[in-house]
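Worksheet for the structure shown next.
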Ligand SMILES: Nc1ncnc2c1ncn2[C@@H]1O[C@H](COP(=O)(O)OP(=O)(O)O)[C@@H](O)[C@H]1O
Ligand SMILES: [Mg+2]
């Protein structure tokens, strides 16, 4: 299997009031093609920081990140940006949709940024929206949508460009249980049907059950054990692992 993401002994320090704190201390992580990996950790454990390092939005204090075969530290800033656009679709807790653009326009945005012409790909975008249950909402603005519809729009935006990796940062954090479940099912389908990889970070045990592999971030590092293997994980197993780790 090919590794889409590999991190090697990743460190990230932050300075606060002249004090240096290590947020991540030696993170080793691999995500293979067509794999759904979940990293669980409590709030403030460095999950978002880890995704920023993997996508090249931020740089590690030490250690290496390979994204789609490239060692990010060997790339210039503009090469890193290009690599991110080509390799990563991002799904955020707070959706990050542009408020003045319709659903369709938001979904077409990555194509415009990549130099394409979303208006020539209307049929394909509409088919994608249809699949995500958004066809009727194609011309709505974000403020007219429910939370679930906003997150499904951002999943469409992450899928439209064909990037192999979806990074999902607490994607159900602002959703009802029902809308959250729909979002997780769509992320699972992105792996099973669209052959993408998903790296999900969350503190929600229900969400973790959709993954092929669940890893735990403790004191800034990913612990060797336990590692939960899906599919078909039970929420009780995730709770038991969290209790064992006292997180
Ligand atoms: N730019 C920054 N400067 C200082 N501290 C930061 C910065 N970004 C994050 N942190 C701190 O790093 C820790 C981990 O943050 P984060 O990655 O957002 O955690 P999580 O996503 O797991 O909630 C938190 O304690 C946060 O306050
Ligand atoms: Mg976070």
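Throughout, read-outs are computed from the coordinates displayed, never taken from laboratory work. Just so it is clear, the structure is predicted and the values come from calculations on it, not from any experiment. Please note: Cβ atoms are built from the backbone with ideal geometry, for glycine as well, and neighbour counts cover all protein chains shown.
Some observations on this one:
- Between the Cα long axis of helix 177-192 and the first principal axis of the chain there is an angle of about 90°, rounded to the nearest 10.
- Against the main long axis of the alpha-carbon atoms of the chain, helix 122-131 sits at an angle near 60°.
- With respect to the chain, whose longest principal axis is taken over its alpha-carbon atoms, helix 103-113 is tilted by about 70°.
- In this simple spin-label model, placing a label point 7 Å from the Cα along the Cα-to-Cβ direction at both residue 71 and residue 130 gives a separation of 4.7 nm.
- Only helices enter the 222 nm calculation for the chain: every DSSP H run of n ≥ 4 contributes -39,500 (n - 2.57), and dividing by all residues gives -10500 deg cm²/dmol, rounded to 500.
- Gyration tensor (alpha-carbon) shape descriptor, region 140-209, a/c threshold 1.5: oblate
- nm² value of the averaged projected area, convex hull over the Cα atoms of region 21-74: 4.2
- For region 3-245, taking Cα atoms only, Rg and Dmax work out to 17.8, 54 Å respectively.
- On the basis of the beta-carbon distance and an R0 of 30 Å, residue 235 and residue 194 show a calculated FRET efficiency of 0.70.
- Shape category assigned to region 63-183 from the gyration tensor of Cα positions, a/c cut at 1.5: oblate
- A full extension of the chain between residue 86 and residue 30 corresponds to an added length of 18.3 nm, given 0.36 nm per residue minus the alpha carbon distance.
- Highest average packing first - 159-165, 92-98, 116-122, Cβ atoms within 10 Å: 159-165, 92-98, 116-122
- Label-point separation, residue 119 to residue 22 (7 Å along Cα→Cβ), nm: 5.4
- Highest-first packing order for the peptide set 69-79, 206-216, 21-31, 176-186 is 206-216, 21-31, 176-186, 69-79, based on the mean count of other beta carbon atoms within 10 Å.
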